[in-house]
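Student: Sharing a structure here in structure tokens format.
The values are calculated or read from the model by the stated rules, or taken from the named source; none is laboratory data. Everything quoted here is computed from the prediction, not taken from an experiment. Every residue, glycine among them, receives a Cβ derived from its backbone with ideal geometry; neighbour counts consider all protein chains shown.
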Amino acid sequence: MLFKESSFILKLAKFFTNLFNPLFSLLLYFFYVQIKVGDFNEGLKQFLLLFFILILPISFWIYKRVKSGKYSDADVSDRKERKTLYYFIIAALTIYILINYLITNKFETEILYLLFLLIIMQISNLFIKSSMHTALNIYVAALFFAQNHYLGIIWLIISLIVGFTRIILKKHTLQEVISGAIIAIVVSSLFLNFD
């Protein structure tokens with residue numbers, strides 16, 4: 001393999017793939033939206049709700065399962081291990097959607113499409129370990145694109161680089177990255193066309 005011998009490339013790929021972890025990418029997008037809204041108090045409340053109901057529990061879930069040996073790594077690279085991760089994320093998203101609806105009396109379509117994306121990813125996991133890093137970053141690119149076309153294009157480029165780093169780090173095969181990208185493109189297209 002072209003990058004097998006270069007430790008610099010491997011370190012760069014690991015840095016990039018960790019920097020654009022799906023949880024961080026989603027958190028960054030929602031932080032951007034809350035700043036853009038302009039109402040600091042409302043934005044902070046929404047951001048904290050998202051952080052405490054989604055980001056923190058999912059991060060803690062992964063951390064505890066890695067520490068106990070139930071997951072082999074924080075990427076949850078094993079297809080069988082991913083099954084429980086998808087269940088947990090889908091449950092957390094559902095709880096977030098319900099609590100947010102009780103507070104705001106509206107559904108956030110970004111989160112509904114994210115839930116749909118993760119359900120499709122869970123189904124695809126029965127057949128192929130589609131790249132969650134690639135899929136969620138492509139979806140974040142679509143979310144950014146809906147807010148600002150330039151940021152969306154930049155994030156799409158980031159998504160492609162992330163997909164490439166997943167292959168370099170041998171976390172996914174080319175087919176798994178392409179599978180994640182296709183799923184995300186379909187869901188993102190639905191979001192951009194119907195939201």
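Student: Just checking, how many residues over region 171-195 are outside any helix (DSSP H, G or I) and of a type in the set (Val, Ile, Thr)? Walk me through how you get there before you give the answer.
Tutor: Going through region 171-195, the residues outside any helix (DSSP H, G or I) turn out to be 171-173, 195.
Okay, now just the ones that are also of a type in the set (Val, Ile, Thr), so 173.
Final tally of qualifying residues: 1.
Student: Using the structure shown, decide if Ile99 is in a helix (DSSP H, G or I), modelled with pLDDT under 95 and not charged (D, E, K, R).
Tutor: yes
Student: Another question, if that's okay. I want to confirm something. Restricting to region 115-154 and keeping residues that are in a helix (DSSP H, G or I) and polar (S, T, N, Q), which single residue is nearest to the chain's Cα centre (by Cα)?
Tutor: Asn137
Student: So, Leu93, is that one within 14 Å of the chain's Cα centre (by Cα), in a helix (DSSP H, G or I), under 23 Å from Met121 (Cβ atoms) and modelled with pLDDT under 90 or not?
Tutor: Considered against the rule, which asks whether it is within 14 Å of the chain's Cα centre (by Cα), in a helix (DSSP H, G or I), under 23 Å from Met121 (Cβ atoms) and modelled with pLDDT under 90, Leu93 comes out as no.
Student: Then there's this: Tell me, please, whether a residue that is touching a Leu at 6+ places or on another chain (Cβ under 7 Å), touching a residue at least 24 places away in the same chain (Cβ under 8 Å) and not β-branched (Val, Ile, Thr) can be found in region 61-79.
Tutor: no
Student: While we're here: Among (1) farther than 14 Å from Leu54 by Cβ; (2) crowded, with 16+ Cβ neighbours inside 10 Å; (3) not aliphatic (A, V, I, L, M), there is one condition Lys83 misses while meeting the rest; what is its number?
Tutor: (2)
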